[in-house]
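Report on one structure; see the data block that follows.
The values are calculated or read from the model by the stated rules, or taken from the named source; none is laboratory data. Everything numeric in this text was worked out from a predicted model, so none of it was measured. Neighbour counts are summed over all protein chains in view; Cβ atoms, including those assigned to glycine, are modelled from backbone coordinates with ideal geometry. Surface areas here come from the heavy atoms of the whole protein model, side chains and all, with no ligands, DNA or RNA. Shrake-Rupley method; radii C 1.70, N 1.55, O 1.52, S 1.80 Å.
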Amino acid sequence: MTVKKSAVGIFLISFFFYLFFNHTLPITDPVESNYVLTAKEMVLASDWLSPRIYGNVWFDKPVFFYWLTAIAFQLFGFSEWAARLAPALFAAAGLTLLYWFAAKITKPAVAILAVLIMGTSFEYIVLAKLVITDMVFFFFNGAALGFFYLGYVKMDGTKRWYLVAYVSMALAVLTKGPIGALLPGLVMLLFIAVQRNWAELKEMSIPAGVFLFAVVALPWYVAMYAAHGAEFINNFFGVHNYLRATVSEHPQDNVSYYYIAVFLLSMLPWSALAIKALIQGCKDWRSQSSPLLLFLFIWVVAYFGFYSLMATKYLTYTFPILFPVAILTAVHLDRMLAQGKATAIVYWAGVPLMLLLVGYMAVAYRYLAGFGLIVTVVSLVLLLLLSWWKSRGQTATSVFKLLCLCQLGSYIVLSLFVFPAMAESRSGKGLAESIAGFGVERIGLYQFYSTSEVFYSDNVAVKLEPSGMLPLRQSGTLDWSSKYTMPIQGLTDFMTQSQPQNSLIVVQDKQKGLFLAEAANFNPQLVKSSKGLNYYYFNN
């Protein structure tokens, strides 16, 4: 089979694979709901320039991912399946890009191994379903650096690959901001510097590249500045870029080992094998001085180091390193398969997979009950026993195929039972359905907020805080409070200004005592309790 036919097959199979049962996953809080509600409001307002949420212009991310989601909504309606279409599509595109690139720089067999490793890794499977920017950003990052390397080595006797790299960086900037050009540019410069090949800068068609980059990336930024002026600069570049880099949004995550732990989790069940491959790859580079190994290692180290130095840390920031790590792991695994090291593969990949299956069972026990729990646990136990039983006495290639099938089987089980239950526990869909049954127009959510409830109900609820505890938002200052634009009001003001017959307050169990103490003068009446939420009418 030719590389082209294999690439088409990989795209189609993986696309439908990642779409599997997406319609059963409700939109979750607090991250997914921001993206889907923003895209929905852009469609409803027929405003394809300014991302907006709760009726307000929002400067959290550039527009490209919102465009993708909004187009899906236009074509297929406001549904979970439509919302999750773009991540699945770009996950398939990312695997296809990985295969095509790896086949060009190594060989098709290694490219297939890289696809299987990355495509079945824990983080890749999860992000292929989540409605966030990271999978789209991953694709454009991989394309920018992949095409740069092809241009550097004059693949197919041409340097026109550089031009595609510039366009890819521009689209990355439209997806997630300046970091889409900064990090790939850093990798390129470090690689050229270590190679001491500064003359290559003259071959990179920089003037043409800058022109292409500007044509693709800048029009939206210029239009946003023209429409919103300093507010866009202060919020987008100030809060969501500069502040994110210098002031931690989640101080509890500021530990030195944060991204090491993230890497071990993200590459499961191939984490141990990947570490072994990175160590061996480093030894190979020292002995062979391979430009490919050097490039892949600089890619990994630059991203890992940059995000480790940033004040704010997120689980998905280092996700782009899965691309080079998958190639390095595939190169090492290909060598192990050729040497027939079946036992080593069982130790380095089989044992982590078995531990992962046990972890899946623990998660199932937390989120499932009854028939769903029984089916899930039994299925995962059977997969675990099968992988152990069948791996005995098999060739190295057969063992690896068995491990991949086992991981795919567990993914199907998770998609059928566990993922929907997890999503439901983090979604406001049920809350929206409950509120709809009351037929009220004004909703107050006491000391919590559910953006997904707004997405499903089209009713912008008010976040209620204890009177005297409202957050102060000072214009002109950079602080995290400006990131949140939902309407906020003190409890007493809300109850005084609302019409009782047309209003409802929702309180979580843990805040029930505090709410009742402050609202005592308004005679709150409990009308429903369900799933940790309490629904109150009141008098004023």
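Below are the figures for this structure:
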item: Selected residue [open to solvent by 10 Å² or more (accessible area, probe 1.4 Å), under 19 Å from the mean Cα position of the chain (by Cα), at negative phi and not aromatic (Phe, Trp, Tyr)] from ASP47, ASP60; result: ASP60
item: Exclusive hit being closer than 24 Å to GLY238 by Cα and touching a residue at least 12 places away in the same chain (Cβ under 8 Å), set LEU68, LEU25, LEU19, LEU37; result: LEU37
item: Failed condition for LEU189, given (1) more than 30 Å from ARG160 (Cβ to Cβ); (2) without any contact (Cβ under 8 Å) to a residue 60 or more places away in the chain; (3) surrounded by 13 or more Cβ atoms within 10 Å (Cβ to Cβ); (4) of a type in the set (A, V, I, L, M); result: (1)
item: Subset of segment 261-300 [polar (S, T, N, Q), open to solvent by 30 Å² or more (accessible area, probe 1.4 Å) and without any contact (Cβ under 8 Å) to a residue 24 or more places away in the chain]; result: SER287, GLN288, SER289
item: Matching residues in segment 453-469 - criterion: being out of contact with any Lys or Arg (no Cβ under 9 Å at 6 or more places or on another chain) and in a loop (DSSP other than H, G, I, E, B); result: VAL460, PRO466, SER467, GLY468, MET469
item: Residue within segment 235-251 that is open to solvent by 20 Å² or more (accessible area, probe 1.4 Å), assigned to a helix (DSSP H, G or I), out of contact with any Leu (no Cβ under 7 Å at 6 or more places or on another chain) and under 30 Å from MET155 (Cβ atoms) present; result: no
item: Near pairs, Cβ below 7 angstrom, 6+ apart or cross-chain, from segment 231-255 (under 13 Å from LYS61 (Cβ atoms)) to any residue that is open to solvent by 40 Å² or more (accessible area, probe 1.4 Å) and hydrophobic (A, V, I, L, M, F, W, C); result: VAL239/LEU478
item: Condition check for LEU373: farther than 23 Å from THR24 by Cβ, part of a helix (DSSP H, G or I) and without any contact (Cβ under 8 Å) to a residue 60 or more places away in the chain; result: no
item: Qualifying residues in segment 402-422 (those that are of a type in the set (Val, Ile, Thr) and farther than 15 Å from ALA128 by Cβ) - the one least open to solvent (accessible area, probe 1.4 Å); result: VAL418
item: Condition broken by LYS129, with the remaining ones in (1) more than 19 Å from VAL331 (Cβ to Cβ); (2) part of a helix (DSSP H, G or I); (3) not small (Gly, Ala, Ser) satisfied; result: (2)
item: Pick from segment 198-214, criterion closer than 24 Å to GLY177 by Cβ and among the small types (Gly, Ala, Ser), ranking: farthest from the chain's Cα centre (by Cα); result: ALA208
item: In segment 301-360, residue surrounded by the fewest Cβ atoms within 10 Å (Cβ to Cβ) [restricted to those that are of a type in the set (D, E, K, R) and either at pLDDT below 90 or not in a helix (DSSP H, G or I) (or both)]; result: LYS341
item: Pick from segment 18-46, criterion touching a helix residue (DSSP H, G or I) at 6+ places or on another chain (Cβ under 7 Å) and of a type in the set (D, E, K, R), ranking: nearest to LEU127 (Cα to Cα); result: ASP29
item: Residue satisfying condition, being crowded, with 17+ Cβ neighbours inside 10 Å and charged (D, E, K, R), within set LYS154, LYS202, LYS176; result: LYS176
item: The lone exception for ARG52 - which of (1) more than 16 Å from the chain's Cα centre (by Cα); (2) within 23 Å of VAL216 (Cα to Cα); (3) open to solvent by less than 40 Å² (accessible area, probe 1.4 Å); (4) at pLDDT below 95 it fails; result: (3)
